[in-house]
Each structure stands twice: as C-alpha cells, then as structure tokens.
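*Asks:* Structure below; questions to follow.
Please treat every number below as a calculation from the coordinates, not as lab data. Worth saying up front: this structure is predicted, and the values here are computed from it rather than measured. Neighbour counts are summed over all protein chains in view; Cβ atoms, including those assigned to glycine, are modelled from backbone coordinates with ideal geometry.
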Amino acid sequence: MKIGFIGLGIMGSRMAANLLQGGVELVIHNRTKDKATSLLEQGAVWAENLSDMAAVDIVFTMLAHPEAVAAIALGPDGFLDHLPPGKLWIDCSTVNPSFARDMAAAAQARGIRHVDAPVAGTKPQAQNAELVFIAGGEASDVAEADPYFKLMGQRVAHVGGHGMGVALKVVVNAMLGASMVVFAESMALGQALGLSQEILLNTVVGSAVAAPFLAGKRPKIEQDDYEAQFPLRWMQKDMHLAAVAAYEAGAAMPVANATKELYRLADQKGLGDEDFCAIYKFLRQ
Ligand SMILES: NC(=O)c1ccc[n+]([C@@H]2O[C@H](COP(=O)([O-])OP(=O)(O)OC[C@H]3O[C@@H](n4cnc5c(N)ncnc54)[C@H](OP(=O)(O)O)[C@@H]3O)[C@@H](O)[C@H]2O)c1
C-alpha cells in the first residue's frame, strides 16, 4: 500500500512523519518544497508533479483552506484527474461542509472515493500521534483508512456521510474561536480594572467559567510566547467557514461573525502567523 500526502505545514508535516515512522511507503508533495526536506531525509519520495500521485492507493491532503484544496485537487494538473478510479482521497483540511460535499461529488464523478476527516488537536497532538479524526463519508472507506488514521492519531469518530466530519469540526472551532475571544476581552477588562494577569489567570483558568483548552494556552500567555500552534489566520478562516455554513443552513451566528472580524483586525495588525491566542495580546493593547 502506497500513501500520498499533500500539504506539509504545521500539521501535515507531523502527520506525514508519523506515517513514515509507522513504516508506510510515502509519496509527498507541498507547494513549498523546502518544507519536505526532513521527510525526504527520512525516506519519503518527492512527487514533483501532482500527477505522480497516480501511483498511490490513498491520498491524504492537509491544506490551509478550501481554495488550496480546490487548487490542488482540481486546478491545472490537479491530482484528481490523475488518480485511477477506485482510489481513496482523505481530506483532513478544515473546510466547510458544502465544499466537502462538492469535492466528494467531483471525486465520485471520476470514480474516486472521498472522505472528509478533519482533526481535533493541534501541533503537539499532531507531533505525538494523538489527533482525533472526525470523519464523514462511507463507513467502508473510513475503515480502509483506519490503520493510517491510527498511526497519526488516537481515535477516529465516523459521524455521518460526506461533509459531516467538517460539519462537526466547524461547530467545534466556532466554539473554540469565540471562547478564546471571551477569555481575552475579559482578561483585558480585569487588567483595566487593576487586577494583575497573575491573579486573573490563577482565578479564572481551571475554574468553571473558563474553557478547559485555556489551561494549555496559559503557559504561552505567561511566557509571551505566541509562536503558532494553530495560526490566528486559520482561526479567522474557520470563523468564516462557520458563518458560511450557518448562512447555507439558515442558522444565525451573531457571535461567530463578530469574532471573525476581530480575528481579521488582529491579522491586519500582523498577528496572522502567530497562535490564535495572540488575540489576547491584541485585545489587551
Ligand atoms: N494548526 C492547528 O492547530 C490545526 C488544528 C486542526 C486543524 N487545522 C487545519 O489543518 C489545516 C492545515 O493547518 P496548518 O496549521 O498545518 O497550516 P499551515 O502550517 O499554514 O499549512 C498550510 C498548508 O497548506 C498549503 N497551502 C496554502 N495555500 C495553498 C495554495 N493556495 N495552494 C497549495 N497549497 C497551499 C501550504 O503550503 P506552503 O507550505 O507552500 O505554504 C501548507 O502545506 C488547515 O485547514 C487548518 O485549519 C490546523
């Protein structure tokens, strides 16, 4: 079994490394070839063109956003036109549900099977093969990829048909993005009222009012370390995807839309490549 992996950013490079460590024969591609160096040294094979993916049995993609996925799958020399019918495409990128269904239809039109399998977890979980895959698609296709999911993560949740994996992911990240902003602006209020950051963190983090993920962000905030685990730019993208999904489903997301614009303002101030918890730094200023 040969596996292809396209998209070697923060998450994809670590996921691909875990496949390699699990003994998988891996063919890799990334828009920026430099990011593949370490994986190539570890034995992965470089696909100069996306047509080289014709030789693999399953293609994993881990790309920034729907536009990147569309370009890699369906753009000039996109890999979908080169995969022989019957092959399996697993898209782990966070995209919106209608886009995932469009990709599933484009794949099916070429006889390719598609699963949307975004991940829960961030850089350390990708590094330590502790991701959770949230899969949408045919049960038999999810089962076929299970051994590879297990090399990159600790659990696979099959939650429904095409687009349902990303539906759940978009819901989760809407909560994550909004919770971070509520925490950040409340912390900023506390400091404006004369409370120290230390007293606020000691009181709030771990209490019933703070989301549990904030315990993981606390050391970064204390050390003023905003190196990206999950880039703020992609959190803004995910709030947008939630807004798009809500529009299409007839749901109202007033908080998500306001939060989306806040992340955009922080991005415009140069914080897009920093971790999304840099929204705290932005709101405190
Ligand atoms: N980081 C996290 O904590 C986390 C957690 C869960 C889910 N996710 C999701 O996982 C996906 C990847 O995130 P990441 O953190 O790994 O992001 P990243 O480090 O920014 O990597 C993004 C990847 O997409 C590629 N890309 C971007 N635009 C492209 C385009 N127009 N054409 C071709 N390739 C393009 C990049 O290629 P280059 O290297 O050439 O730029 C890179 O391989 C995103 O959908 C994100 O929302 C991230």
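*Asks:* Mind checking the angle between helix 164-192 and the chain's longest principal axis? C-alpha axes, 0 to 90 degrees, to the nearest 10.
*Replies:* It is inclined by approximately 20 degrees.
*Asks:* Any chance you could give the angle, 0 to 90 degrees and rounded to 10, that helix 232-249 forms with the longest Cα principal axis of the chain?
*Replies:* Helix 232-249 sits roughly 80 degrees off the main axis of the chain.
*Asks:* Could I ask something else about it? Can you work out D for the chain in µm² s⁻¹ from Stokes-Einstein, where Rh is the Kirkwood radius over C-alpha pairs, the temperature is 20 °C and the viscosity is 1.002 mPa s?
*Replies:* Here the translational diffusion coefficient equals 109 µm²/s.
*Asks:* On to the next question. Looking at the chain as a GNM with Cα springs under 10 Å, which of ILE28, ILE90, ILE112 has the largest mean-square fluctuation?
*Replies:* ILE112
*Asks:* To continue, here is another question. Round to the nearest 10 and give me the degree value, 0 to 90, for the angle of helix 10-21's Cα axis relative to the longest principal axis of the chain.
*Replies:* The angle comes out near 50 degrees.
*Asks:* Cross-link candidates for LYS281: which aspartates and glutamates have Cα within less than 18 Å, leaving aside residues fewer than 8 places away along the same chain?
*Replies:* GLU185, GLU198, GLU222, ASP224, ASP225, GLU227, GLU261, ASP267, ASP273
*Asks:* In addition: Determine, for each peptide in 115-127, 133-145, 185-197, 257-269, the mean count of other beta carbons within 10 angstrom over its residues, then list the peptides with the highest first.
*Replies:* Peptide ranking by packing, descending: 115-127, 133-145, 257-269, 185-197.
*Asks:* Want the number for LYS150 to TYR247: 0.36 nm per residue separation, take away the alpha-carbon distance, what's left?
*Replies:* This chain segment gains 31.5 nm when fully extended.
*Asks:* Just to confirm a number: summing +1 for Lys and Arg and -1 for Asp and Glu over residues other than GLN236 whose beta-carbon lies under 9 angstrom from that of GLN236, what do you get?
*Replies:* +1
*Asks:* Here's something else I'd like to know. If you plug each phi of the stretch 83-94 into the Karplus form 6.51 cos²θ - 1.76 cosθ + 1.60 with θ = phi - 60°, what whole-Hz ³J(HN,Hα) values come out, in order, with x for Gly and Pro?
*Replies:* Those phi angles translate into 6, x, x, x, 6, 10, 10, 10, 9, 8, 5, 7 Hz.
*Asks:* Oh, and also: Specify the residue with the greatest mean-square fluctuation among VAL166, VAL59, VAL24, computed from a Gaussian network of the chain linking alpha-carbon atoms under 10 Å apart.
*Replies:* VAL24
*Asks:* So for each of 72-81, 273-282 I average, over its residues, the number of other beta carbons within 10 Å; can you give me the resulting order with the highest mean first?
*Replies:* Ranked by mean Cβ neighbours within 10 Å, highest first: 273-282, 72-81.
*Asks:* Averaging the inverse of every distinct alpha carbon separation and then flipping it gives the Kirkwood radius. What is it for the stretch 167-284, in angstrom units? It would help to have the intermediate numbers written out before the result.
*Replies:* Values: mean 1/r = 0.0690 Å⁻¹.
Hydrodynamic radius (Kirkwood, Cα only) of the stretch 167-284 equals 14.5 Å.
*Asks:* Skipping prolines and chain starts, which residues have an amide H placed within reach, meaning under 5 Å, of the one on HIS158, given they are 5 or more residues away or on another chain?
*Replies:* ALA135
*Asks:* If you don't mind, another one. Just going by the charge dipole of the chain, with Lys and Arg at +1 and Asp and Glu at -1 on Cβ, which of TRP234, GLY43, PRO254 is farthest out on the positive end?
*Replies:* Towards the positive end, the residue furthest out is PRO254.
*Asks:* Still on this structure: Suppose each label sits 7 Å from its Cα in the direction of the beta carbon; what would the ALA109-ARG218 distance come out to in nanometres?
*Replies:* Result for the modelled spin labels: 5.2 nm.
*Asks:* Apply the Karplus curve 6.51 cos²θ - 1.76 cosθ + 1.60, θ = phi - 60°, to the phi angles in the stretch 98-105 and return the couplings in whole Hz, x for Gly and Pro.
*Replies:* Per residue, the Karplus-derived 3J(HN,Hα) values read 5, 5, 4, 5, 4, 5, 4, 5 Hz.
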